[in-house]
Amino acid sequence: MDYKLLITDLDGTMLNSKSEISKKNLEAVHELQQRGKFISVGSGRLYVDAIKFARQLGCQNNFNIANGGLTIFKEGEEEVVAHFEENFYKRIVDILRYNNIPFVVMTSKYSGAFYDESSKEFVHKCKSINQDTLIDFVETDVRELKNVFKISSSYKNVDHIFLHREMERLHSDIRADIAGEYFIDLSPRGVSKWSGALRIAKEMGISTKEIIAVGDQENDMQIVGNVGLGIAMKNAVDRLKNVADVVLPYTNDEDGLYHLIHEYML
C-alpha cells in the first residue's frame, strides 16, 4: 500500500522521555516530506503546545489535530469543532467536585487552561510532567466558564476510573479517554483523533486507507484501529497494542518513528 500520510501522537511516540524530537526522527520526517508524502500531528495536547512541535516537524501548514480531535489546526488557523452544552458542563463540574477529583478546563475563547483552588496540586503535577508546556494556567470559578470543550481530570485509583466510565455510559453526550498515567480527558462524544483523521483525509482528498497512525495511549485506540495501518509503539499500553495492526519493536527513546517511516513509507 502506498501510504500518503502519517498521523503521529507526540508524547511517548514522536517525543522521547526528555520531551524532545530526536535527530534521527527529524531526519526521517524530512526525507518523508522530500518524497512528497505528509506528516501531521495528532495530539491530545492543547493547540499552543501542538503547534510548537508541528513547526519543528515542518508540518505546521498541514492540517493537524490537537486536543484529541477537538481542535483542527494549521499555522494561524485554529478550529474547535465541538463544545459542551452549558448546563451539562456544570453538572460534570458538580460531579467532579463532589467526588474530590481535581481537574482543569479548556475553552475556545482562551489558549490556556482554567482551574479552581481545589485543583492547585493537580496543576502543579501537570506542569511537572510537561515541563516544556506553553500553557498558561489561570485560577478562577470554573463552573461559570462558557464555550468549554475539554476537561482534563486526575485519577488516583480505580474508583475514579470507574466514575468516569459511568459518566460516559450514562450520558450520551460525553466521552472519557485515558490520556496518560493519572489523566482522563472528558470531551463531547463523537469527537476523537479518528474524527480528526476523517476531516484531514477529506481536506487532502485521500482515503483513510492511505493513512498510517501511530500512538501509545488509550486515546489513540480509535484512530489506530480504523486507519489503513495502525501502529502501536513498543512502550504503548496493552489495550492499544491489541487493536493495532503492528506493534513496533522500538520505543520512543529508540527512535521508533525513524524505523516506522523507513519500513512503511519510504
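The values are calculated or read from the model by the stated rules, or taken from the named source; none is laboratory data. Keep in mind the model is a prediction, meaning the values are calculated, not measured. Positions of Cβ are generated from backbone atoms using ideal geometry, with glycine treated the same way; all protein chains shown enter the neighbour counts. SASA here: full protein model, heavy atoms, side chains in, ligands and nucleic acids out. Shrake-Rupley method; radii C 1.70, N 1.55, O 1.52, S 1.80 Å.
Using beta carbons and a limit of 6 Å, which pairs, at least six apart or on different chains, have the first residue in region 121-144 and over 23 Å from Ile92 (Cβ atoms) and the second one assigned to a helix (DSSP H, G or I)?
Thr133/Asp49; Leu134/Val48; Leu134/Asp49
Looking only at residues that are in a helix (DSSP H, G or I) and open to solvent by 60 Å² or more (accessible area, probe 1.4 Å) in region 249-263, which one is farthest from Leu26 (Cα to Cα)?
Glu263
Conditions (1) touching a Gly at 6+ places or on another chain (Cβ under 8 Å); (2) part of a helix (DSSP H, G or I); (3) in contact (Cβ under 8 Å) with a residue 24 or more places away in the chain, marked per residue:
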| position | (1), (2), (3) |
| --- | --- |
| Ser172 | no, no, no |
| Asp177 | yes, no, yes |
| Val191 | yes, no, yes |
| Ala197 | yes, yes, yes |
| Ile200 | no, yes, yes |
| Glu203 | no, yes, yes |
| Lys209 | yes, yes, yes |
| Val224 | yes, yes, no |
| Lys234 | yes, no, no |
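Does Ser154 count as modelled with pLDDT under 85, out of contact with any His (no Cβ under 7 Å at 6 or more places or on another chain) and open to solvent by less than 30 Å² (accessible area, probe 1.4 Å)?
Spelling it out, Ser154 is indeed modelled with pLDDT under 85, out of contact with any His (no Cβ under 7 Å at 6 or more places or on another chain) and open to solvent by less than 30 Å² (accessible area, probe 1.4 Å).
Scan region 20-72 for residues that are crowded, with 16+ Cβ neighbours inside 10 Å and part of a loop (DSSP other than H, G, I, E, B) and report the count.
Final tally of qualifying residues: 11.
Are any residues in region 45-73 out of contact with any Leu (no Cβ under 8 Å at 6 or more places or on another chain), closer than 24 Å to Met221 by Cα and among the small types (Gly, Ala, Ser), and if so, which ones?
Ala54, Gly68, Gly69
Which members of region 103-143 meet the condition of being under 21 Å from Leu70 (Cα atoms), among the charged types (D, E, K, R) and out of contact with any Gly (no Cβ under 6 Å at 6 or more places or on another chain)?
Scanning region 103-143 gives Lys109, Arg143.
In the list Val224, Val246, which residue meets the criterion of being within 18 Å of the chain's Cα centre (by Cα) and open to solvent by less than 60 Å² (accessible area, probe 1.4 Å)?
Val224
Can you find a residue in region 139-147 that is within 25 Å of Asp220 (Cβ to Cβ) and in contact with a strand residue (DSSP E or B) (Cβ under 9 Å, 6 or more places away or on another chain)?
Applying the first criterion (within 25 Å of Asp220 (Cβ to Cβ)) to region 139-147 yields none.
No, region 139-147 contains no residue that is within 25 Å of Asp220 (Cβ to Cβ) and in contact with a strand residue (DSSP E or B) (Cβ under 9 Å, 6 or more places away or on another chain).
Out of the residues in region 197-212 that are hydrophobic (A, V, I, L, M, F, W, C) and open to solvent by 50 Å² or more (accessible area, probe 1.4 Å), which is farthest from Met265 (Cα to Cα)? So that I can check it myself, show each step before the final result.
As a first pass, look at region 197-212 and keep what is hydrophobic (A, V, I, L, M, F, W, C): 197-198, 200-201, 204, 206, 211-212.
Okay, now just the ones that are also open to solvent by 50 Å² or more (accessible area, probe 1.4 Å), so 198, 204.
Values: Leu198: 20, Met204: 18 Å.
Within region 197-212, the match that is farthest from Met265 (Cα to Cα) is Leu198.
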